[in-house]
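Here is the structure we will look at.
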Amino acid sequence: MINLYDLNLAELTEFLAGLGERPFRARQLYAWLYGKGVNDFGLMTDISEAVREKLAGAACADGLALAETLASKDGQTTKHLFGLDDENSYIETVFMKYKDRNSICISTQAGCRMGCSFCASGADGLLRNLSPAEMALQVILSERAAGAHTKNIVLMGVGEPLDNYENVKKFIENITDDHGRDLSRRAITISTCGIVPGIERLAKELPQVNLAVSLHAPNDELRKKIMPVTKKYSVADVVSATQKHYEKTHRRSTFEYALIDGFNDSPEHAKELAALLKGMNCLVNLIPLNRVDGARTGIPLGLSQRGDKPMRNSRLLAAQADPAEVAERFREELGKRHVPATVRKSLGEDIEAACGQLRLRKNESTE
Ligand code: SAH
């Protein structure tokens, strides 16, 4: 059965024509689905019952079931775990309330095949890509649960967005269509581990969308140990693609850099990073590493990868002396060299809001 959230307005118009409906019906429906976030045909009061019945017989507009919700103690962060329709698996969506705006962090794949050694999302590999509908529904359903709208969407949840390019593109086109939600593409950010051809396509095809690149190391040798994707796309290639993205789009990119105790967090690493990014109009976002408990999951994260030996997770679990101090010093080293950086305050740590941890636990408990 067709999921209406998988269709753009032109496709919806065509689909409805097949049911004998005129184009205005498609715009009406699109406004319900995206503008009002209503996906129950029964609630679409300005559409006649006969038409609603016809619709229900030929299409659906659901596919995610809310399985669990966790709210952080400070109430700022809410994490939803959604069950997929066809698989015994879950994805995560995080709704964040800031003073001046709300933001939603959505997943783009069930699992991930990038194999970053510090990340829980890829621990079980990739199950499958999410459809445009499953991305849209994360937004619709978590807004409904929050009783609030958001203008900002970050594609930074489970999965690698540029490994599911077509569906991600369609989701963004649909959610920003002015007949529906009319969200600004400038309020959408795609986070990638650095898939160069994907970055090039983004610059061409979705130039208003913001780019965040998960760098985490200033050279290939280090980066290969934690991010196997470096074997395919070198640090130099990723940085150059990001620079070209800026030249095309004039949107300032962010480089994510998780500080890992004793591994990539020394003043020398900061200097090397500053030299790498010298002259670029970018922002470095320093993130305190979220400890993923490999012992708890029994999964030696990253070690399932072939080739270079990724870091052992126990290494990543080593306690940092004073993460805030290390981050501040790293920021200063970058600042001295005119590379702007911020230290990200980690939201929602008490609910395992980051990086697919909750999903991993839920998947295990249902196995
Ligand atoms: N695949 C995309 C988006 C999902 S990951 C990407 O790589 O960017 C979202 C961000 O969380 C990335 O920057 C990722 O490197 C980071 N991340 C994953 N595990 C983490 C951990 N344990 N601690 C801190 N950041 C982590």
Task: Which listed residue is surrounded by 22 or more Cβ atoms within 10 Å (Cβ to Cβ) and more than 15 Å from the ligand (Cβ to nearest atom), from Ala270, Ala274 - done: Ala270
Task: Number of positions in segment 87-123 that are assigned to a loop (DSSP other than H, G, I, E, B) and either open to solvent by less than 20 Å² (accessible area, probe 1.4 Å) or in contact with a Gly (Cβ under 8 Å, 6 or more places away or on another chain) (or both) - done: 16
Open item on the list: Need the failing condition index for Lys79 against (1) within 15 Å of the ligand (Cβ to nearest atom); (2) out of contact with any strand residue (DSSP E or B) (no Cβ under 6 Å at 6 or more places or on another chain); (3) touching a residue at least 60 places away in the same chain (Cβ under 8 Å), just the number.
Closed with: (2)
- [ ] Those residues that are open to solvent by less than 30 Å² (accessible area, probe 1.4 Å), within 16 Å of the ligand (Cβ to nearest atom) and closer than 12 Å to Ala187 by Cβ, I need them from segment 138-153; list them, please.
- [x] Ile153
Open item on the list: Looking at segment 324-342 only, could you name the residues that are part of a helix (DSSP H, G or I) and open to solvent by 50 Å² or more (accessible area, probe 1.4 Å)?
Closed with: Ala324, Glu325, Glu328, Arg329, Arg331, Glu332, Lys336
Open item on the list: Go through segment 124-137 and report how many residues are assigned to a loop (DSSP other than H, G, I, E, B) and either at pLDDT 95 or above or open to solvent by 30 Å² or more (accessible area, probe 1.4 Å) (or both).
Closed with: 3
- [ ] Scan segment 140-169 for residues that are in a helix (DSSP H, G or I) and either among the aliphatic types (A, V, I, L, M) or farther than 15 Å from Leu33 by Cα (or both) and jot them down.
- [x] Ile140, Leu141, Ala145, Ala146, Pro161, Leu162, Asp163, Tyr165, Glu166, Asn167, Val168, Lys169
Task: Breaking point among (1) away from the ligand (no atom under 16 Å from the Cβ); (2) open to solvent by 40 Å² or more (accessible area, probe 1.4 Å); (3) touching a residue at least 60 places away in the same chain (Cβ under 8 Å); (4) of a type in the set (Lys, Arg), for Arg181 - done: (2)
Task: From the options Ala217, Ala236, Ala241, Ala258, residue that is surrounded by fewer than 20 Cβ atoms within 10 Å (Cβ to Cβ) and small (Gly, Ala, Ser) - done: Ala236
Task: The lone exception for Lys170 - which of (1) open to solvent by 40 Å² or more (accessible area, probe 1.4 Å); (2) modelled with pLDDT under 95 it fails - done: (2)
- [ ] For residues that are of a type in the set (Lys, Arg) and more than 25 Å from His149 (Cα to Cα), scanning just segment 31-56, find the one that is least open to solvent (accessible area, probe 1.4 Å).
- [x] Arg52
TODO: Note down all Cβ pairs under 6 Å where the first residue falls in segment 225-240 and is over 13 Å from Ile199 (Cβ atoms) and without any contact (Cβ under 8 Å) to a residue 60 or more places away in the chain, the second is part of a helix (DSSP H, G or I) and open to solvent by less than 50 Å² (accessible area, probe 1.4 Å), and they're at least six residues apart or on different chains.
DONE: Thr230/Arg223; Val235/Arg223
Task: Among the candidates Leu211, Leu202, Leu222, residue that is within 15 Å of the ligand (Cβ to nearest atom), more than 21 Å from Val158 (Cα to Cα) and modelled with pLDDT of 95 or more - done: Leu222
- [ ] Out of Thr78, Thr108, report the one residue that is of a type outside the set (Phe, Trp, Tyr) and under 22 Å from Lys169 (Cα atoms).
- [x] Thr108
Open item on the list: Checking Gln28 against (1) part of a strand (DSSP E or B); (2) surrounded by 14 or more Cβ atoms within 10 Å (Cβ to Cβ), only one condition comes out false. Which one?
Closed with: (1)
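The values are calculated or read from the model by the stated rules, or taken from the named source; none is laboratory data. In this text, all values refer to a predicted model and were calculated from it rather than measured experimentally. All Cβ positions, glycine included, derive from the backbone under ideal geometry; neighbour counts span all protein chains shown. For accessibility, only protein heavy atoms count, side chains too; no ligands or nucleic acids. Shrake-Rupley method; radii C 1.70, N 1.55, O 1.52, S 1.80 Å.
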